[in-house]
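**Student:** Pasting in a structure now, in structure tokens, and then I'll have a few things to ask.
The values are calculated or read from the model by the stated rules, or taken from the named source; none is laboratory data. Since the structure is predicted, the reported quantities are computational estimates derived from the model, not experimental observations. Please note: Cβ atoms are built from the backbone with ideal geometry, for glycine as well, and neighbour counts cover all protein chains shown. Note: accessible area is taken over every heavy atom of the protein model, side chains too, but ligands, DNA and RNA are not part of it. Shrake-Rupley method; radii C 1.70, N 1.55, O 1.52, S 1.80 Å.
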Amino acid sequence: MAGVAALGFLMALEFAAHRYGLPGPITCQVREVIFPPKSGALLYASMALMLVVLSWRQRLIATGVAIGIDAVLWLVRWAADVKVTEGHPFGTGALWVILGYAVIAVTRRSGPERVLLLKGVGLALLLVAGRKAGDTWLLITSTTRPRVLDQYVATADHALGDPSWVMGRIVTATGPIGFNFLDFVYGNLAVAAVLVALYQLRNVGAEGRFPGHHLVRTFLVIGMLGPGIYMIFPVVGPIFAYGDGTEHWAAVSLWAETHSTAQWAVADLWPGTPPPISAPHSMPFDEITPRNCMPSLHTAWAVAIFIHSRKGPRTLRFAGAFWLIATLCATLGFGYHYGVDLVAGVVFTLTIEAALRSSDRGWDRSGIRLVAHGATVFTALLVSYRFLPLQMAEHPWVSGPLLILAMTSVIYGYVRTAALARPEPETAPTQQPEPQPELI
């Protein structure tokens, strides 16, 4: 059922993208079977997830084959003097190995072994398809939402003390060292997720089954539902709406170097001067910049990594906490998000995580109550950002604590329901009664 639902979602997104003259996720993925992929690291990370269903010998062979294919393709391009101008020169080998194991599962396996291998292949392809679906969603948001609501969000952000402006000045003061460090963390969020997922799935090959709930499920659901909120609440971010991305962070990407949004910005205020408190209005923006701020999915994914790393060893728990803190600093310090985006992202993730855990363990009263509470708080946040931003900005000492209290209530409900603070009780071995003498 999950596979059919995912396939239906991708096909619907494919048709929607073609309607607007854009390449869909399936088209982009098929293209990468031959042409250089957009993200070679993602394809190798996806292959690593598939390898959990194989033995160590099969893992080494599959990895060697993938690297060998990429090496041959690199030599062919070098001999033909073909320059890779878009994408990465590696990753195609990993995709070929994933597809090859799909063929092996259908033609050379049977029974539970075939099912397990197909699940591994499906998990790898879902991770890749989720990335492609997200890219397509971003193109659709910029094409179909000509007006953005940044003034509303920036006004509501006064209730939290304009954290994006504060963190933006801090990151600017750290210079290239601070920027490059946070940029590395921000850009490698998927790598951190794969490491946590590999720990959770480390015993799949030996046990012959996947755990009922793991990080990849949460990641995919966040990626599917989040962009839908982008369509409802389009926001581009403070660095674009109140600044010029080419002036501040031109080193982020080639896109930032060649694409200026200064003519669309309200004024060049970020990060030096917070915007004045005034009645907000929707404003037009270009058809290139993604409307991908509300909620902050980078925050949502980082929270998911933090949650799922809690049951791991100390090193993994430390890494999960570090990635969450650094991601929050980067999302604000780079001007990609407002503070209220992060609050909404935390509530969004905990609600999804609670629903997935309840679906796996069985719905009970506490699970239903938590999901309903999280959905209500998330809806209330969006409604308040849209219709009460001026009142929130004029009374920050009331509205700010209320925002934090609403988010904290969902965190407390999740911790209490999922019992994250308590280790799972270990089942004591059953003692066998000693044999008793019987009368003959």
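**Student:** Could you give me the residue pairs with C-beta distances under 9 Å whose first residue belongs to the range 284-302 and is over 23 Å from Val194 (Cα atoms) and in a loop (DSSP other than H, G, I, E, B), whose second residue is open to solvent by 10 Å² or more (accessible area, probe 1.4 Å) and of a type in the set (Lys, Arg) wherever it lies, and which are 6+ apart or on separate chains?
**Tutor:** Final answer for the pair search is Phe285/Arg145; Phe285/Arg147; Arg291/Arg145.
**Student:** Check the range 159-168 and report whether any residue there is under 17 Å from Tyr338 (Cα atoms) and under 16 Å from the mean Cα position of the chain (by Cα).
**Tutor:** For the range 159-168, residues under 17 Å from Tyr338 (Cα atoms) and under 16 Å from the mean Cα position of the chain (by Cα): absent.
**Student:** Something else: All but one of (1) at pLDDT 85 or above; (2) under 24 Å from Thr143 (Cβ atoms); (3) under 26 Å from the mean Cα position of the chain (by Cα) hold for Ser282; which doesn't?
**Tutor:** (3)
**Student:** Okay, moving on. Ile288 versus (1) among the β-branched types (Val, Ile, Thr); (2) surrounded by fewer than 17 Cβ atoms within 10 Å (Cβ to Cβ); (3) modelled with pLDDT under 65: which is the lone unmet condition?
**Tutor:** Condition (3) is where Ile288 drops out.
**Student:** List the pairs whose first member sits in the range 135-161 and is under 13 Å from Met294 (Cα atoms), whose second member is open to solvent by 40 Å² or more (accessible area, probe 1.4 Å) and part of a helix (DSSP H, G or I), and whose Cβ atoms are under 8 Å apart, counting only residues at least 6 apart or on separate chains?
**Tutor:** Leu149/Arg386; Tyr152/Arg386
**Student:** Of all the residues that make up the range 106-120, how many are assigned to a helix (DSSP H, G or I) and either modelled with pLDDT of 90 or more or of a type in the set (S, T, N, Q) (or both)?
**Tutor:** So the count comes out to 1.
**Student:** Working carefully through the options Leu388, Leu356, find the one that is closer than 20 Å to Ile277 by Cβ and at pLDDT below 95.
**Tutor:** Step by step, each of Leu388, Leu356 is checked, and only Leu388 is closer than 20 Å to Ile277 by Cβ and at pLDDT below 95.
A quick yes/no check of all residues on (1) in a helix (DSSP H, G or I); (2) without any contact (Cβ under 8 Å) to a residue 60 or more places away in the chain; (3) surrounded by 14 or more Cβ atoms within 10 Å (Cβ to Cβ); (4) of a type in the set (Lys, Arg):
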| residue | (1), (2), (3), (4) |
| --- | --- |
| Ala267 | no, yes, no, no |
| Pro274 | no, no, yes, no |
| Ser278 | no, no, no, no |
| Ile305 | yes, no, yes, no |
| Thr315 | yes, yes, no, no |
| Ile325 | yes, yes, no, no |
| Ala330 | yes, no, yes, no |
| His337 | no, no, yes, no |
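**Student:** Find the residue count for the range 182-219, including only residues that are open to solvent by 50 Å² or more (accessible area, probe 1.4 Å) and without any contact (Cβ under 8 Å) to a residue 12 or more places away in the chain.
**Tutor:** Looking only at that region, the number is 5.
**Student:** Which condition number does Trp96 fail, the rest of (1) over 16 Å from Leu43 (Cα atoms); (2) open to solvent by 90 Å² or more (accessible area, probe 1.4 Å) being met?
**Tutor:** Among (1) over 16 Å from Leu43 (Cα atoms); (2) open to solvent by 90 Å² or more (accessible area, probe 1.4 Å), the lone unmet condition for Trp96 is (1).
**Student:** Here's another thing I want to ask about it. So which residues in the range 348-401 are without any contact (Cβ under 8 Å) to a residue 12 or more places away in the chain, farther than 26 Å from Trp301 by Cβ and assigned to a helix (DSSP H, G or I)?
**Tutor:** Arg365, Phe387, Gln391, Trp397, Val398, Pro401, listed by residue number.
**Student:** Select from the range 150-169 the residues that are aliphatic (A, V, I, L, M), within 23 Å of Thr261 (Cα to Cα) and open to solvent by 20 Å² or more (accessible area, probe 1.4 Å) and list them in ascending order.
**Tutor:** Within the range 150-169, Val166, Met167 qualify.
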